[in-house]
Every structure is written in structure tokens, then in C-alpha cells.
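*Asks:* My structure is below; once you've seen it, I'll send some questions.
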Amino acid sequence: MSMKARIFSTALNKIERRVYGTVTIVVIGTFLATMWPIYPLFSRIRPFVLGMPASLFYLLVLVFLVFFSLLALYRWEDKGGKFEKNEKDTAAEMIKETARRPSGHLKASDG
């Protein structure tokens, strides 16, 4: 099962294009917000926000922004059941398959 980069697909509908575009803008915007001239506006030790220096709080907010936007994208993509198997299921199947084979024998695809 291979994942295609749907963001670059020409067959996206209007809603998909908007969702992928929004997440792309959030990620790129967050990256740019950690550079000059924006970051120096927040690179102060004082004031403290929730017990953290303002610069640390600013970076933490950016990290959570990207995390939750990517989590929302994953859940939106998976709502149609595109990702039936998660990594845990695949790993469990590989372990079972390996246990069934006689030791020392590898398939050609195993390397």
C-alpha cells in the first residue's frame, strides 16, 4: 500500500484544495514566524506567560498550532477509511508471518 502525495494531485475538488492549502499555509506560516523579523518581537524573557518566558510560550503555541492542524488533516483524510490498517496492525501481521516461517528462511522480499 503506497501513499500518494494528494496535495500535488490535479484531481482535487474545491474542498480538498482548500483544506490542503490551509494546512500548507499554516505550516509555512509557522516556519516563517520563527524567523526574523517576526520572532524578535517575542524573544523576550519577560513577561512570563503561564510561568514560561514569552519566547518559549510563543514557540510552544506555534508547535501546538502545527500539531493540531496536521492532526485535523489526518482525521479529515481518514474519515473515509482510507487508512484501514494502522502501523500496529501491520507490525502484528509481520510478527505473525515471521513466526510461521521456519527460522533462517527469508522471503525474497525480506532482503
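The values are calculated or read from the model by the stated rules, or taken from the named source; none is laboratory data. Computed from a predicted structure; not experimentally measured. Using ideal geometry, Cβ is built from the backbone for each residue, glycine included, and neighbour counts are taken over all protein chains shown.
*Asks:* Could you check the stretch 40-65 and list, in sequence order, the residues that are assigned to a loop (DSSP other than H, G, I, E, B) and surrounded by 15 or more Cβ atoms within 10 Å (Cβ to Cβ)?
*Replies:* Correct list: PHE42 only.
*Asks:* Looking only at the stretch 14-37, how many residues end up being surrounded by 13 or more Cβ atoms within 10 Å (Cβ to Cβ), over 16 Å from LEU73 (Cα atoms) and hydrophobic (A, V, I, L, M, F, W, C)?
*Replies:* Going through the stretch 14-37 one residue at a time, the tally reaches 1.
*Asks:* Looking at the stretch 15-39, which of its residues are part of a helix (DSSP H, G or I) and over 22 Å from the mean Cα position of the chain (by Cα)?
*Replies:* Once the filter is applied, which keeps residues that are part of a helix (DSSP H, G or I) and over 22 Å from the mean Cα position of the chain (by Cα), the stretch 15-39 yields only TYR39.
*Asks:* Taking the conditions exactly as written (modelled with pLDDT under 90 and at positive phi), does GLY51 satisfy them or not?
*Replies:* no
*Asks:* Can you run down the residue pairs with Cβ atoms below 6 Å, 6 or more apart or on separate chains, where the first is in the stretch 24-52 and in contact (Cβ under 8 Å) with a residue 24 or more places away in the chain and closer than 19 Å to PHE64 by Cβ and the partner is among the hydrophobic types (A, V, I, L, M, F, W, C) and surrounded by fewer than 13 Cβ atoms within 10 Å (Cβ to Cβ)?
*Replies:* none
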